[in-house]
Amino acid sequence: MLTKAPRGTRDLLPEECAKWLYIENVFRETCTLFGYQEIRTPTFEHTELFQRGIGETTDIVEKEMYTFEDKSGRSITLKPEGTAPVARAYIEHKLYNNPLPVKLFYITPCFRYERPQAGRYREFHQFGIEAFGSPSPLIDVEVIALAVLFFEKLGLSQLEVHINSIGCKACREDYKKALKDFLFKKKDFLCDTCLLRLERNPLRILDCKNPNCQKILEDVPKIVDYLCDDCRRHFAEVEKGLTTVGVKYQVNPGIVRGLDYYTKTVFEIISEELGAQSTVCGGGRYDNLIEECGGPHTPAAGFGIGIERLVLILEAKGLIEIPSKEMDVFIAVMDENYREYGLQLLYRLRKTGFSAEMDNMGRSLKAQMKYASKIPVKYAFIIGEDEVKSGKITVKDLATGEQDKVSCDEAEIYLKNKIRKGC
Ligand code: HAM
């Protein structure tokens, strides 16, 4: 127990952190290109936010939340997703008083008590964006196009974009009725959870993973056939906009999403590299969430990208080899008598912006040089009696083996000339 991380969680070792940092930078850059600004929200929220926001009958709220009482008896939940917390922050800080739309992005850990498998964890991380305040289909287009450009910047241009519309409150009622009538006739074949959902929230049956339910769902009525004029027009505008900005997509009536807040456009971006957990990005429009959480009527749209899944795809395609970074200098001392001299130089170099390292393991000079070659590092500065007396350090280029003598006072100038010129 003591030496193993909890089931469904993972450590990111330095090599992996370098990959994450690279992807995070590309994500930040892409969001900036589209005018989105970063927001950070707490790791936990009041449980009610997710019950209200995501929906009481969703898998996330029914089965997957990490919920506990704090020492004052409040019900607290580790965030299972990023949208509800950002919506809460939008209301709390009255961001609706800012010029609209308010466009935000985030990078956040999320927690869901799911059965772990490849690409599915209990603690995972999301890149997300949310745009608040505009009902325009061009916002839906922008949200999808941002995700697509982000993937393209990482070298992923073959991912499939699946879109659908699940209508608004009005047209969804007609659909729910049709769905219920259809499923009622097949109720003997539904799993126990779906039987309960038949009364409480038949739409959620559409994302049941049970093979028997899946079979029944093959012939289920399609929501696109029940859209009202406004939702149909909106969807047509989204399709037109995607074509205009050059995003390839396919309409997939099977995309319904597992969270209750969506209205109109929903979408998923899918990769064949991921097997069962094929969705790397999911999102859509959610025009009622802010109001349902106590804010003013605010149409909104956004997405979430699973970072672990994204890394799996990039690794499978060999698109994320980050070479380990060389240090600038290793200061090797002949023996302990020269340590103080070396230490002063070490800290001088670090303060002037050169990465520098020195032995702290009591190694011999030979062992220090061997260690330096493994770190890896560009130059070794060797300090012994001659060097201290003459004030000139022996510098060894560890790539070529060439040696030089450099005045200790001019070490920075020497490095600047060599390193900054890319030698
Ligand atoms: P979601 O589809 O639940 O949507 O999650 C978004 C993405 O997070 C998924 O496509 C997947 O890549 C990743 N993900 C979800 N669960 C796990 C897990 N257990 N392990 C690893 N990765 C996972 C949302 O969370 C919405 N908040 C997205 C959104 C933002 N919609 C509008 N704005």
Exercise. Expressed in nm², what is the orientationally averaged projection area of the convex hull enclosing the Cα positions of segment 179-323?
Worked result: 11.9 nm²
Problem set entry | segment 42-94: GluC sites (Glu not before Pro) in DSSP coil with no more than 15 other Cβ atoms inside 10 Å | E56
Seminar exercise, completed: Site E315, offset 7 angstrom along Cα→Cβ, radius 13 Å on amide nitrogen, limited to segment 11-36, gives 11-20
Exercise. Measuring from the lowest to the highest alpha carbon on each principal axis, how far does the chain reach, largest first, in angstroms?
Worked result: 94, 51, 42
For this session: Averaged over every viewing direction, what's the projected area of the C-alpha convex hull for segment 327-420? Give it in nm², one decimal, please.
Result: 5.3 nm²
Seminar exercise, completed: Plugging the Cβ-Cβ distance of N201 and K416 into 1/(1 + (r/R0)^6) at R0 = 60 Å yields, to the nearest 0.05, a FRET efficiency of 0.35
Problem set entry | Relative contact order (%) - criterion: Cα under 8 Å, at least six apart; region: segment 236-284 | 27 percent
For this session: In debye, nearest 20, what is the charge dipole magnitude of the chain about its Cα centre with +1 on Lys and Arg Cβ and -1 on Asp and Glu Cβ, if you could check?
Result: 220 debye
Seminar exercise, completed: FRET efficiency for E272 and S364 from the Cβ-Cβ distance with R0 = 41 Å, rounded to 0.05, comes out at 0.15
Exercise. For segment 327-420, what is the charge dipole size about the Cα centre, in debye to the nearest 20, if Lys and Arg each add +1 at the Cβ and Asp and Glu each add -1 at the Cβ?
Worked result: 340 debye
For this session: Over segment 278-340, consider all pairs of different Cα atoms and compute the Kirkwood hydrodynamic radius from their mean reciprocal separation; express it in Å, one decimal.
Result: 17.3 Å
Problem set entry | Additional length obtainable on full extension of the chain from E152 to E38, 0.36 nm per residue less Cα span | 38.9 nm
Exercise. Quick one: which of 8-14, 280-286 comes out on top by average Cβ neighbours within 10 Å, and what's the full order, highest first?
Worked result: 280-286, 8-14
Problem set entry | Residues of segment 240-262 with amide N under 15 Å of the 7 Å Cα→Cβ point at Q214 | 254-255
Seminar exercise, completed: Output row, site H93, 7 Å Cα→C-beta label point, backbone N cut-off 15 Å, window segment 2-45, residues 36-43
For this session: Kindly provide the pair-distance distribution of segment 1-152 built from C-alpha pairs, with 10 Å bins from 0 and whole-percent values in order of increasing distance.
Result: 9, 32, 37, 19, 3, 0
Problem set entry | I375/E123 FRET efficiency (R0 25 Å; Cβ-Cβ; nearest 0.05) | 0.20
Seminar exercise, completed: Quick calc of log₁₀ I(q)/I(0), segment 104-194, Debye, one scatterer on every Cα, no solvent, q values 0.25 1/Å, result -1.19
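Every number here is computed from the coordinates shown, using simple stated rules; none is lab data. Worth saying up front: this structure is predicted, and the values here are computed from it rather than measured. Every residue, glycine among them, receives a Cβ derived from its backbone with ideal geometry; neighbour counts consider all protein chains shown.
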